[in-house]
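Take a look at the structure below.
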2 protein chains.
Amino acid sequence: MEATSPILSRKAQIDQTATALFRRRGYAATSMRELAAALGIEAGSIYSHIKSKEELLHRICFRVADEFMAGLRSATADDTEPAAIHLRRAIDSHVRVLIHDTDASAVFLHEWRHLSEPALSEFVQLQRNYEAAFRDMIARGVADGALRTPDPAFATLTLFASVTWLPNWYRPDGKLGPDQIAERLTNQLFDGLAT
Amino acid sequence: MEATSPILSRKAQIDQTATALFRRRGYAATSMRELAAALGIEAGSIYSHIKSKEELLHRICFRVADEFMAGLRSATADDTEPAAIHLRRAIDSHVRVLIHDTDASAVFLHEWRHLSEPALSEFVQLQRNYEAAFRDMIARGVADGALRTPDPAFATLTLFASVTWLPNWYRPDGKLGPDQIAERLTNQLFDGLAT
DNA sequence: TATGGTTCCTAACGTTCGTTAGCAAGCCAT
DNA sequence: ATGGCTTGCTAACGAACGTTAGGAACCATA
């Protein structure tokens with residue numbers, strides 16, 4: 001399978017269709033028979049390609065998590081830059097990951113609680129690490145005078161809140177493209193913090 | 001049952017426990033046996049008090065929706081006031097409804113999709129009406145010069161986004177009380193729009 | 001053509017689900 | 001004390017679930 005080919009392997013089809021269904025109906029309310037029907041096969045056949053329903057969820061959640069962490073690392077790679085620059089780039093990256101694949105993002109944001117241990121704890125820890133990185137950036141920016149907020153934790157929470165609903169309303173065919181969305185939100189979120 | 005009594009009727013206990021469980025585990029992933037266990041009774045006994053699982057969800061969703069609509073009506077009752085004042089008050093009301101009962105709010109925000117028709121369509125229509133009211137207020141504020149945004153629809157979406165995640169992190173025992181949260185968020189959201 | 005691997009269908013499994021019906025126990029009013 | 005109502009238990013129902021195992025069909029390769 002070539003990366004540029006529009007023809008997906010059966011496994012990729014399963015992943016993609018599951019992502020869309022999990023997003024629309026929720027993981028728990030999506031049955032494997034429903035997923036199979038959407039793929040034009042029978043439920044039992046899915047197990048030729050995957051081990052379990054949860055494997056699908058696991059893959060979606062940890063793939064998106066990896067993207068977030070990679071974006072954060074990239075945004076903050078240069079230690080010589082001030083925290084405010086890092087923050088701005090991290091917000092931009094965060095927004096872009098969210099709108100890159102809104103189905104997967106929505107599943108990532110809402111369905112992780114259906115993971116079993118030990119994946120669940122692992123996932124929660126990743127979440128916390130990611131949030132802590134933003135909180136640190138904000139606090140550093142405040143400390144060096146480039147940012148202002150009475151409460152870095154509060155600012156971090158409202159920052160994430162502002163974009164978390166994004167997959168629910170962003171439409172790739174909307175009148176705003178990814179660059180415009182990313183820019184608008186980044187500006188709006190950053191402006192609320194800049195001195 | 002007196003309104004001031006801390007002792008809840010069995011039905012109120014069911015409602016409350018269901019709200020908490022639906023919020024934590026999701027509607028679809030919460031079984032009636034689980035709900036019964038949390039109440040210290042057997043699943044079959046719940047049906048002495050309710051007709052169906054969905055009745056619980058319906059009640060939660062439409063109760064919160066009523067609260068939102070009531071707050072909006074109250075915030076915008078005086079026609080002689082400018083749109084910006086209405087908007088500010090409507091945001092404040094919106095935030096207060098959300099934090100008044102975070103379990104019910106979270107269920108309201110995320111679990112409505114499990115409603116059956118015709119309740120589902122009815123609910124979606126309520127959502128749309130509520131959002132449209134905010135969009136109108138913003139547009140009116142822009143028209144009379146008190147507010148600025150290049151796009152009232154975008155502003156409405158980001159406004160709702162900013163507060164929608166609130167039930168996930170607000171804690172009644174946190175260091176910020178309802179008034180402070182409402183004020184901070186209202187200020188922050190309003191400041192992003194005020195000229 | 002024969003063989004091996006992959007994919008799918010099918011029937012079925014064991015489990016869980018929301019719910020019902022019948023009965024017993026408890027409570028309250030007369 | 002009696003009767004009626006409410007509440008809860010229990011067993012069971014029919015349906016749906018995630019998954020397995022066996023076999024058939026298909027495809028690629030020698």
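The values are calculated or read from the model by the stated rules, or taken from the named source; none is laboratory data. Computed from a predicted structure; not experimentally measured. Cβ atoms come from the backbone with ideal geometry, glycine included; neighbour counts cover every protein chain shown. The accessibility values were calculated without ligands, DNA or RNA, using every heavy atom of the protein model including side chains. Shrake-Rupley method; radii C 1.70, N 1.55, O 1.52, S 1.80 Å.
Can you find, within segment A:38-56, the residue that is surrounded by the most Cβ atoms within 10 Å (Cβ to Cβ) among those that are near DNA strand C (Cβ under 10 Å from one of its atoms) and assigned to a helix (DSSP H, G or I)?
A:Ile46
Counting just the residues of segment A:155-191 that are of a type in the set (Asp, Glu) and not in a loop (DSSP other than H, G, I, E, B), which one comes out nearest to B:Arg171 (Cα to Cα)?
Top of the filtered list is A:Asp191.
Of the residues in segment B:68-107, how many are more than 14 Å from chain A (Cβ to nearest Cβ) and among the hydrophobic types (A, V, I, L, M, F, W, C)?
13
Can you give me the number of residues within segment B:135-153 that are within 19 Å of A:Glu183 (Cα to Cα) and at pLDDT 75 or above?
Total satisfying the criteria: 5.
I need the full set of residues from segment B:139-154 which are more than 27 Å from B:Val107 (Cβ to Cβ), at the interface with chain A (Cβ under 10 Å from one of its Cβ atoms) and in a helix (DSSP H, G or I), in order please.
Across segment B:139-154, the qualifying residue is only B:Phe154.
Between B:Ser121, B:Ser105, B:Ser116, B:Ser93, which is touching a helix residue (DSSP H, G or I) at 6+ places or on another chain (Cβ under 7 Å) and surrounded by fewer than 20 Cβ atoms within 10 Å (Cβ to Cβ)?
B:Ser116
Examine segment B:6-28 for a residue that is among the small types (Gly, Ala, Ser), closer than 28 Å to B:Val124 by Cβ, near DNA strand C (Cβ under 8 Å from one of its atoms) and outside the structural domain of B:Tyr130 (by TED's automatic domain parsing), and state whether such a residue exists.
yes
Is one or more of the residues making up segment A:86-93 part of a loop (DSSP other than H, G, I, E, B) and within 14 Å of the chain's Cα centre (by Cα)?
No, every residue in segment A:86-93 fails to be part of a loop (DSSP other than H, G, I, E, B) and within 14 Å of the chain's Cα centre (by Cα).
Tell me whether segment B:37-55 contains one or more residues that are in contact (Cβ under 8 Å) with a residue 40 or more places away in the chain, over 13 Å from the mean Cα position of the chain (by Cα) and either within 16 Å of DNA strand D (Cβ to nearest atom) or more than 14 Å from chain A (Cβ to nearest Cβ) (or both).
Yes, because at least one residue in segment B:37-55 is in contact (Cβ under 8 Å) with a residue 40 or more places away in the chain, over 13 Å from the mean Cα position of the chain (by Cα) and either within 16 Å of DNA strand D (Cβ to nearest atom) or more than 14 Å from chain A (Cβ to nearest Cβ) (or both).
Is it the case that segment B:17-32 has a residue that's assigned to a helix (DSSP H, G or I), aromatic (Phe, Trp, Tyr) and away from chain A (no Cβ under 14 Å)?
The answer is no; no qualifying residue exists.
Which pairs turn up if I take residues in segment B:146-158 that are farther than 10 Å from B:Arg135 by Cβ and look for partners that are open to solvent by 40 Å² or more (accessible area, probe 1.4 Å) and modelled with pLDDT under 75 with beta carbon separation below 6 Å, at least 6 apart in sequence or on another chain?
From segment B:146-158, the pairs are B:Arg148/B:Thr195.
Do we have B:Arg59 as touching a residue at least 12 places away in the same chain (Cβ under 8 Å), open to solvent by 60 Å² or more (accessible area, probe 1.4 Å) and more than 14 Å from every other protein chain (Cβ to nearest Cβ) here?
yes
Would you confirm, using the coordinates I've provided, whether B:Ala133 is away from chain A (no Cβ under 13 Å), aliphatic (A, V, I, L, M) and open to solvent by 30 Å² or more (accessible area, probe 1.4 Å)?
Here the answer is no, as B:Ala133 does not meet what is asked.
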